[in-house]
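Q: Here's a structure for you.
Where a number appears in this text, it was derived from the coordinates with a stated rule and is not lab data. Since this is a predicted model, take the numbers as computed values, not measurements. Don't worry about glycine lacking a Cβ; one is built from the backbone with ideal geometry, like all the others, and counts go over all protein chains shown.
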Amino acid sequence: MLVDGYEIKKDLDYVYSYQELIEKGNIDKKGTVEFNPKAISEIFKDKEMTFSISSDGDAETGKSMLSPSNQNLYMNLSEKDWYAFNDCFGTSEEKWLIKFIEKTVDKLKQEYAEVYLLRNEKHFQIYNFEDGQAFEPDFILFLKNKKGKNERYQLFIEPKGGHLEEKDKWKEDFLLTIKDKADVKHVNSNSKYVLYGLPFYNKEKENHFSDYLDKEGII
């Protein structure tokens, strides 16, 4: 459910996603490299989520961060001005990603005038450039440069448990090509949008994720 203060965050005017599809021909599918802006209000809408909870699944799935199985994951997200929703009911890796952003947000705010993290609860998909396979990155981090430039960054983030990394490696490979291959259609000549796909976030490999952000000059 969106927080009541969501309208305060209306400076997040646009989210970049694909035009919906895909070339057909001798190649079965191929994702377009063109990213077009859509109003946040068109993409992210309040919705009711249903979770299937099993005893052999992730212990955190379907549980509020106000009452997690692992108390180290406790957080009252309604108090966080950088998170656009009031809670997270995702997996443990998704919750650890939010905890990582919490640790990093003060440093981000030194560099950026705006810092907002949004959870992609099946709001939109992106398509692999190579074969058109679709997936929904779990989070989008929006940043606005504070150094006098009307420059904004949109970062696609996918937390991933270690047991799924090999199976879903194509997703990470695709994410890491977005910065160089994306053809970003700008809203106007006064604004510049930069898109990034980040390596998988995994709690056990958090230093690798943090080092990548540092290497790319994001933090």
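Q: Highest mean first, what order results for 32-38, 95-101, 160-166 on Cβ atoms within 10 Å?
A: On the way: 32-38: 15.6, 95-101: 21.3, 160-166: 13.0.
Descending mean neighbour count gives 95-101, 32-38, 160-166.
Q: Could you check the spin-label model distance between ILE43 and LYS149? Points 7 Å from the Cα along Cα→Cβ, value in nm.
A: 2.1
Q: Report the extension gain between ASN72 and LYS122 in nm, rounded to one decimal, defined as 0.36 nm multiplied by the number of residues separating them, less their alpha carbon distance. Please list the in-between numbers first.
A: Details: separation 50, 0.36 × 50 = 18.00 nm, distance 2.66 nm.
Additional length available on full extension: 15.3 nm.
Q: Residues of region 146-165 with backbone nitrogen within less than 13 Å of a virtual label 7 Å along the Cα-to-Cβ line of GLU204, please, listed as ranges.
A: 160-165
Q: Calculate the spin-label point distance for LYS181 paired with LYS215, positioning each point 7 Å from the Cα along the beta-carbon direction, and give it in nanometres.
A: With each label placed 7 Å out from Cα toward Cβ, I get 1.9 nm.
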